[in-house]
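Engineer: I'd like to ask some things about the structure below.
Only the coordinates and a few stated rules stand behind these numbers; no lab work does. Everything numeric in this text was worked out from a predicted model, so none of it was measured. Counting neighbours? That spans all protein chains shown, and the Cβs are built from the backbone with ideal geometry, glycine included.
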Ligand code: TTP
Ligand code: MG
């Protein structure tokens, strides 16, 4: 598993800065009324230097920095930016689990050659988001959700923090216990009382000592997480409305004949899958990823549905040629997928 956790930097405040660039140099607080009972949603990094942070009272923020600019949150606007960001991410990575308006997990294992390659992809995603939305984000790249999540927060803003396979426990070890996802205020108190202040101290407890401090499933889970062990897969609610096969090549390929034979090979897998499911498809899509990680897809929709490897392969090759006619460059990945599925059963009923 290679997972990235992506989190936008000072999200609400960054959007407000884009809408009004004059704010960039000023301490900016997005949140409720500082003269009432308002709470800080977030603050830009200039304001954070005064000690202002999310969830403190706006009145306290005003005290810490009387010259700060206060803005009420504009949820609909942030939503628009968020949708744009996650559309970009989804166009670059097949499997994405968005966990909040500004954060989520990306499955990089499926689309990279090895760990270093995954880190390069993370960099490409960061660059693309910056170019297309002007927003800054940070990513952690690791072998599990918990390590990726902790890592994405280590070099904010604008940082990428890779934790190579095998380095998980050493990476987590010196960090404060409160940084471990799953440790809430209550658990934190209990751990500190027992003299456990770093993730490493929790990780190295033996079962007996752990049982003295806390017990049950949560204890076991936190103990594992402290060692970088986290088997949670990505959760995506997207139902399988398409069947596809894609492959990242060991080396970039530009030879058209080789590419065509790859497309045909994938078409065979797709056709086999369709036939096993008793399905056929009307839309064929070919996806290419260039050596700079950018992605292009070309689709065609037929009047009648098909399920055989030859036709899917021929159309897949044609679509590949269309994509390469627009931009001819070496490819690191090719994918063929079909959608607009119908099952034989339905066809029988309909016709
Ligand atoms: P976060 O990602 O926690 O914070 P952030 O993006 O502002 O800053 P960072 O660079 O540290 O990631 O939360 C995302 C957005 O959610 C944040 O911009 C505002 C909102 N939010 C609240 O409204 N209340 C809160 O208590 C928190 C933590 C966030
Ligand atoms: Mg954020």
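Engineer: Pop a pseudo-label 7 angstrom from the Cα along the beta-carbon direction at both residue 189 and residue 269 and give the gap in nm to one decimal.
Structural biologist: The two pseudo-label positions are separated by 5.3 nm.
Engineer: Still on this model: What distance in nm separates the two pseudo spin-label positions at residue 49 and residue 277, each 7 Å out from Cα along the beta-carbon direction?
Structural biologist: Reported label-point gap for residue 49 and residue 277 is 5.4 nm.
Engineer: Same structure, new question: Set the Förster radius R0 to 22 Å, insert the Cβ-Cβ distance between residue 217 and residue 170 as r into 1/(1 + (r/R0)^6), and round the FRET efficiency to 0.05.
Structural biologist: The pair residue 217/residue 170 has a calculated efficiency of 0.25.
Engineer: For the chain, just say rounded, prolate or oblate: build the C-alpha gyration tensor, square-root its eigenvalues into a ≥ b ≥ c, call rounded for a/c under 1.5, and beyond that prolate if a/b exceeds b/c, oblate if not.
Structural biologist: Prolate shape, in that a/c is at least 1.5 and a/b is the bigger ratio.
Engineer: In region 127-213, what is the volume of the convex hull around the alpha carbon atoms, normalised per residue and reported in Å³?
Structural biologist: Output value, Cα hull per residue: 104 Å³.
Engineer: Something else now. Between 0 and 90 degrees, rounded to the nearest ten: what's the tilt of helix 217-226 against the longest Cα principal axis of the chain?
Structural biologist: So the inclination is approximately 80 degrees.
Engineer: Here's something else I'd like to know. Just from its helices, what would the mean residue ellipticity at 222 nm be for the chain, if runs of 4 or more DSSP H residues each count -39500 (n - 2.57) and the sum is divided by every residue, rounded to the nearest 500 deg cm²/dmol?
Structural biologist: Mean residue ellipticity, 222 nm, calculated: -12500 deg cm²/dmol.
Engineer: Of 110, 241, 186, which is the most mobile in a GNM of the chain whose springs link Cα atoms less than 10 angstrom apart?
Structural biologist: 186
Engineer: Apply the a/c threshold of 1.5 to the C-alpha gyration tensor of region 9-107 and tell me whether it is rounded, prolate or oblate.
Structural biologist: Verdict is prolate for region 9-107.
Engineer: Still on this structure: Which of rounded, prolate or oblate describes region 233-321 when judged by the alpha-carbon gyration tensor and an a/c cut-off of 1.5?
Structural biologist: oblate
Engineer: Could you work out how far apart the two model spin labels at residue 311 and residue 208 are, taking each label as a point 7 Å from the Cα in the direction of the beta carbon, and quote it in nm?
Structural biologist: The answer from the label model is 7.1 nm.
Engineer: Express the relative contact order of the chain as a whole percentage, based on alpha carbon pairs under 8 Å and six or more residues apart in sequence.
Structural biologist: 14 percent
Engineer: Using the count of nearby Cβ atoms within 10 Å as a rough guide to exposure, how do 318, 250, 62 rank from fewest to most?
Structural biologist: Placing the least packed residue first, the sequence is 250, 318, 62.
Engineer: Ok, one more. Based on the Cβ-Cβ distance of residue 114 and residue 295, what FRET efficiency does E = 1/(1 + (r/R0)^6) give at R0 = 22 Å, to the nearest 0.05?
Structural biologist: According to the calculation, E is roughly 0.65.
Engineer: Rounded to the nearest Å, what's the spacing between the alpha carbon centres of region 192-238 and region 268-340? Just the number, please.
Structural biologist: 44 Å
Engineer: Which one of 227, 37, 310 has the biggest mean-square fluctuation once the chain is modelled by GNM with Cα springs under 10 Å?
Structural biologist: 37
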